[in-house]
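> Following this message is one structure expressed as structure tokens.
The values are calculated or read from the model by the stated rules, or taken from the named source; none is laboratory data. Keep in mind it's a predicted model, so treat the numbers as computed, not measured. Backbone-built Cβ (ideal geometry, glycine too); neighbour counts: all protein chains shown.
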Amino acid sequence: MDTAVLKGKCRKLCSPWKGPGVISKKLSAYLYQVKLRNSVFVVNHDRMMPCRDRRLPAWIVQHRSQDQVDPDNLEDEELHCVCEKPWQGRFMIQCDFCDKWYHGSCVNISPSDALDIDKYRCGACRKNIS
């Protein structure tokens, strides 16, 4: 941890360096949840910089190896639309209530329209409400 404070620098604006961390979750456009070796905290994006160390700590290397996915297991979890066709790189949207995936073209939603939707409800879930 860097505890040295330069003259003329505000301690609150120039937070000390706590070592390399791993972004564990994006909370908003500007806030990220960062995991250090023994702690987790929230940080603003303008306070982060990519780690340029040549040798990463062992706990980060281990964390990276745990996050890598085996390509053989991906075949079982392929995304399929209700039209029974796979993802194939096309835009898809997930219903926030039943967790089923739909091609945007199958439900008449464009990628730009999807940005304005807070929670998407598919046709089947809309019928269940009525």
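> Can you tell me which of V69, V42, V34 is modelled with pLDDT of 75 or more, loosely packed, with under 14 Cβ neighbours inside 10 Å, aliphatic (A, V, I, L, M) and not assigned by TED's automatic domain parsing to the domain that holds D118?
V42
> So, one more: Any idea how many residues of segment 101-130 are touching a residue at least 24 places away in the same chain (Cβ under 8 Å), farther than 25 Å from S28 by Cβ and touching a strand residue (DSSP E or B) at 6+ places or on another chain (Cβ under 8 Å)?
The qualifying residues number 1.
> I would also like to ask the following. Hey, any hits in segment 84-100 for a residue that's in a loop (DSSP other than H, G, I, E, B), surrounded by 13 or more Cβ atoms within 10 Å (Cβ to Cβ) and among the acidic types (D, E)?
Taking every residue of segment 84-100 in turn, at least one turns out to be in a loop (DSSP other than H, G, I, E, B), surrounded by 13 or more Cβ atoms within 10 Å (Cβ to Cβ) and among the acidic types (D, E).
> If you scan segment 101-114, which residues turn out to be among the hydroxyl-bearing types (S, T, Y), farther than 17 Å from V82 by Cβ and surrounded by 10 or more Cβ atoms within 10 Å (Cβ to Cβ)?
S110 - this is the single residue of segment 101-114 that is among the hydroxyl-bearing types (S, T, Y), farther than 17 Å from V82 by Cβ and surrounded by 10 or more Cβ atoms within 10 Å (Cβ to Cβ).
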